[in-house]
Structure formats: C-alpha cells, structure tokens
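What follows is a single structure, written as structure tokens, with notes after it.
The values are calculated or read from the model by the stated rules, or taken from the named source; none is laboratory data. These figures come from a predicted structure and were not determined experimentally. Note that each Cβ is placed from the backbone with ideal geometry, even for glycine, and that neighbours are counted across all protein chains shown. Keep in mind that these areas ignore ligands, DNA and RNA; they rest on the heavy atoms of the full protein, side chains included. Shrake-Rupley method; radii C 1.70, N 1.55, O 1.52, S 1.80 Å.
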Amino acid sequence: MKARWDIFCSVVDNFGDIGVTWRLARQLVVEQGCDVRLWVDDLRAFERMCPEIDVRLSQQWQEGVEVRHWPAEWPHTPSADVVIAAFACQLPPAYMEAMAACERTPLWMNLDYLSAEDWVIGCHRLPSVKFKGVQKYFFFPGFRAGTGGLLREAGLLEARQAFQQNAEAQQQFLQTLGVFPAAGARLMSLFAYENASLGSWLDVMATDGRATHLLVPEGRILGDVQRWLGVEGLVAGDIHQRDALTVQVIAFVRQEQYDRLLWCCDFNAVRGEDSFVRAQWAGRPLLWHIYRQDEDIHLDKLDAFLALYTAALSPAARVALMAFWQAWNTDGDMAQPWKMLLEHWPEVSQHAESWCLEQGLQADLATALVQFYESWI
Ligand code: TRH
C-alpha cells in the first residue's frame, strides 16, 4: 500500500514556505509514489506560483497532490503515515491527538531551514520533542554528506543542460516573457528583498563597457529599483535604459518558468531558500540575498555557505566573490566588489557548473526523506 504523507505549510511571509513544500509534495507523488496531502494556510501565496490553484476550495488536486486549505477551525482528520511540519510550524492540536491515537504510530518530522553550518550534520535525524508517545525528528536539508540533501527533481540537471545548449529554445522562452536582450548583452535576473546596496550596483552596471539586461520579477526590490530610476509605479512589462544598463520588470511566473529564466541568465541574484537552491542548479554564477534574522544570526549562515562554496576557488576569486556577497548582505557598496568579480568571471562561471554537478551527486531531499521513513518502519 502507498504510504500516506501529510505536509503542513504555514506561510509566514514571502514564498519560500510554499515554494519548498509544493516542490517536495509533487516530487513525493511523481517520483516516490506516495499519497500526499499538502495543508496550506494561505492559498493566495500558493496561487502566485501555481495559477491553477482555486483559492476558494478547501480541497483540490493539483499535479497529483491533494491540496487542502489549512483552516483555523480544524476538521477531524485521521493522521497519515508520515507527517511533515515544514519549518517548525505548529500542527493543529487535534491532529496531534489523532497522531497519538493511531494504531501504528506515524513518523513525525520537522523539515528545517537550509543551512551550511557544521552543527546541522550533528542534528540531522535526531529525535526532537515527543507528544504522547509520538516522537518528532529533525530533518535538515544541506550541502554535505550527513544532511538530507537538496530538493532536486529527477533529470533536472540534464534538462537544464539541454536547454542551455539550445539557443533557440532559450530565445523562444524569453520571448514568451517579452524579453529581447540585445546581442552580446549580459543577461541577469534580480530577485531580492529591499536592499540599500542596489543603487551602487546599478550605477556600476550602467557605466560598464559591456551592456547588461537586468530582469526584475515583480516583488519587494522594486521600490529600490524605482528610486534609482527616479520613477514610480513600475509594473511588469516596463523597460528603462540608463547608459549600458537596461532594466526590465517581468511578471512573477510559475516555478517551472522561473527555473528556465535562471537557466537563461548569465548571472542570477536570488534570495531566501528555494530560489537560492534553484540558482545553484542553474550552474551559473549567483548572488544570495539571505533572509535577515534577529541578532544577525543569518550572517553566520552566510559565512558557512561561502566557506563551503568558495573552497575550490583560487584565493583571488574567493576574495572577490566573498566581498561581493558580503556587501550585498550588509548594505555595503557594490561597485568595487562587482568589478573585482568581473575580473574572475571565467573561473567563477566554471565553478558554478562544477559546484552544481558536485551537489547533484548527493541523494535529493525527497529520496532522503523516503529512505528515512523506510529505515524507521
Ligand atoms: O520568498 P522567499 O524570500 O522565501 C523566504 C525564504 O524561504 C526564507 O528562508 C524563509 O524564512 C522566509 O521565506 C519565510 O524566497 P525563496 O525561498 O527563494 O522562495 C521564492 C519562491 O518563489 C521559490 O519557490 C521560487 C518562486 N518564484 C516563482 O515561482 N516565480 C517567480 O517569478 C519568482 C521570482 C520566484
């Protein structure tokens, strides 16, 4: 019999919570043959990346996943065999009672945030709290052996490489977004939170000897883009040129299209968790805007990733990449770091591909979750 999985997603803010759980849910269905219910408390955030979602429905099926609205008034629901609380969300108390009342105790896991910090390996798969005999476990995604790995669909890297070798397919795809970059322009994407460093980066791109075409999906960074351009009310479709820099606002697209966008670009600025991973699978140089946390603890997370990611770079390229990422995440000036990075472009580009292939050797997160379940029963 197919294992039944319940994934609980509480949308705190932004799109990372639903982005990760929706990806995981589909993969468990398609690749692992599981029965999956995805409980989401905010269907509107979900609708942005999956326009087929009908926000009025309490129950619907999307791509083989049973999508349930997680209501404030919890309906009586029997527990699944495997229960995932994404990003430490609190399960409905009545559901926890249902887990405890099960004849066969379910496997209960917290799917944690992604971090490259060392302590993750020691905590991955450890028991956490217990509720009436039902044990909860920590499950950590990660970049190294001893973690749960990263979300990666079967055949993703092959599909990405084929697409990147097919100039016509890329051009056709970009046309669907209304994007027509000039020949020879550096194509880049920018998905970020509000960032005071943006102006200095745009300044230096505008005065560069090579043209840049910057694609900005609608979202939180638009205010900073507007300030720099000296315009108001930017919407998808708007294009502005300042010297060597063309800035184009594009619509927020579905996840599969966003992947293709990342694959088309020579450089991607990403944020949070899921777009950060997807940019790594694109095999192209990237810049990460990490999600800010209290007391700057996100900076330890940033340093841990940078140490790992840059380990195989030459000392000069490592210094350049680190300076660039640090400036972006600490409101620093981007002009000099960007120029330094451009000097190491071939090495940094090649490294992005080898990092991707190296990460692709790890078991993916969905497989690792299923393996954990199978070893647990
Ligand atoms: O939206 P985010 O900032 O989410 C964040 C992080 O996950 C963070 O760790 C978490 O603590 C916080 O939310 C609550 O960034 P993230 O994780 O990259 O999620 C964005 C999702 O949106 C990702 O699945 C890609 C998707 N996306 C599209 O589907 N279409 C688009 O056009 C764009 C720009 C993104």
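If you go through the range 220-229 and keep only what is within 14 Å of the ligand (Cβ to nearest atom) and open to solvent by 40 Å² or more (accessible area, probe 1.4 Å), you end up with just Arg220. Across the range 30-53, what is the number of residues that are more than 15 Å from the ligand (Cβ to nearest atom) and either more than 23 Å from Val12 (Cβ to Cβ) or outside the structural domain of Asp17 (by TED's automatic domain parsing) (or both)? Summing the residues that are more than 15 Å from the ligand (Cβ to nearest atom) and either more than 23 Å from Val12 (Cβ to Cβ) or outside the structural domain of Asp17 (by TED's automatic domain parsing) (or both) in the range 30-53 gives 6.
Within the range 54-92, count every residue that is more than 16 Å from the ligand (Cβ to nearest atom), surrounded by fewer than 19 Cβ atoms within 10 Å (Cβ to Cβ) and of a type in the set (S, T, N, Q). The number of residues fulfilling the criteria is 4. The lone criterion from (1) open to solvent by 10 Å² or more (accessible area, probe 1.4 Å); (2) in contact with a Lys or Arg (Cβ under 7 Å, 6 or more places away or on another chain) left unmet by Asp208 is number (2). The sole residue among Ser128, Ser115 that is within 16 Å of the ligand (Cβ to nearest atom) and polar (S, T, N, Q) is Ser115. Summed over the range 129-158, residues that are over 18 Å from Glu358 (Cβ atoms), β-branched (Val, Ile, Thr) and part of a loop (DSSP other than H, G, I, E, B) total 0. Any residue at all in the range 130-142 that is open to solvent by 10 Å² or more (accessible area, probe 1.4 Å) and among the aliphatic types (A, V, I, L, M)? No.
Would you confirm whether any residue within the range 93-104 is out of contact with any Leu (no Cβ under 9 Å at 6 or more places or on another chain), within 16 Å of the ligand (Cβ to nearest atom) and either part of a strand (DSSP E or B) or closer than 30 Å to Tyr291 by Cα (or both)? So far as the range 93-104 goes, no, none of its residues is out of contact with any Leu (no Cβ under 9 Å at 6 or more places or on another chain), within 16 Å of the ligand (Cβ to nearest atom) and either part of a strand (DSSP E or B) or closer than 30 Å to Tyr291 by Cα (or both). Restricting attention to the range 308-337, the residues that are open to solvent by 60 Å² or more (accessible area, probe 1.4 Å) and over 26 Å from Asp208 (Cα atoms) add up to 2.
For the range 286-299, check the following and say yes or no: at least one residue is within 16 Å of the ligand (Cβ to nearest atom), basic (Lys, Arg) and assigned to a loop (DSSP other than H, G, I, E, B). So far as the range 286-299 goes, yes, one or more of its residues are within 16 Å of the ligand (Cβ to nearest atom), basic (Lys, Arg) and assigned to a loop (DSSP other than H, G, I, E, B). Every listed requirement among (1) open to solvent by less than 40 Å² (accessible area, probe 1.4 Å); (2) of a type outside the set (Val, Ile, Thr); (3) at pLDDT below 95 is met by Arg160 save one, (3). If you check Leu126 against the conditions, is it surrounded by 16 or more Cβ atoms within 10 Å (Cβ to Cβ), over 30 Å from Leu342 (Cβ atoms) and out of contact with any Cys (no Cβ under 9 Å at 6 or more places or on another chain)? Spelling it out, it is not the case that Leu126 is surrounded by 16 or more Cβ atoms within 10 Å (Cβ to Cβ), over 30 Å from Leu342 (Cβ atoms) and out of contact with any Cys (no Cβ under 9 Å at 6 or more places or on another chain).
Identification of strands (runs of 3 or more DSSP E) wholly contained in the range 230-275 with 3 or more residues that are more than 7 Å from the ligand (Cβ to nearest atom) and open to solvent by 20 Å² or more (accessible area, probe 1.4 Å) yields 239-242. Scanning the range 1-29 for residues that are within 8 Å of the ligand (Cβ to nearest atom), free of Cβ contacts under 8 Å to residues at least 40 places away in the same chain and open to solvent by 40 Å² or more (accessible area, probe 1.4 Å) turns up just one, Asp13.
Residues considered: Gln175, Gln170, Gln161. Of these, the only one that is assigned to a helix (DSSP H, G or I) and under 17 Å from Thr246 (Cβ atoms) is Gln175. Inclusion of Tyr193 among residues that are in contact with a Gly (Cβ under 6 Å, 6 or more places away or on another chain) and either assigned to a loop (DSSP other than H, G, I, E, B) or away from the ligand (no atom under 15 Å from the Cβ) (or both) is not warranted. In the range 273-285, the residues that are closer than 14 Å to Glu358 by Cα reach residues that are within 8 Å of the ligand (Cβ to nearest atom) and of a type in the set (A, V, I, L, M, F, W, C) with C-beta atoms within less than 8 angstrom, at least six apart or across chains, in these pairs: Val277/Leu114.
Checking the range 298-305 against the condition returns a match, with at least one residue being open to solvent by 10 Å² or more (accessible area, probe 1.4 Å) and within 16 Å of the chain's Cα centre (by Cα).
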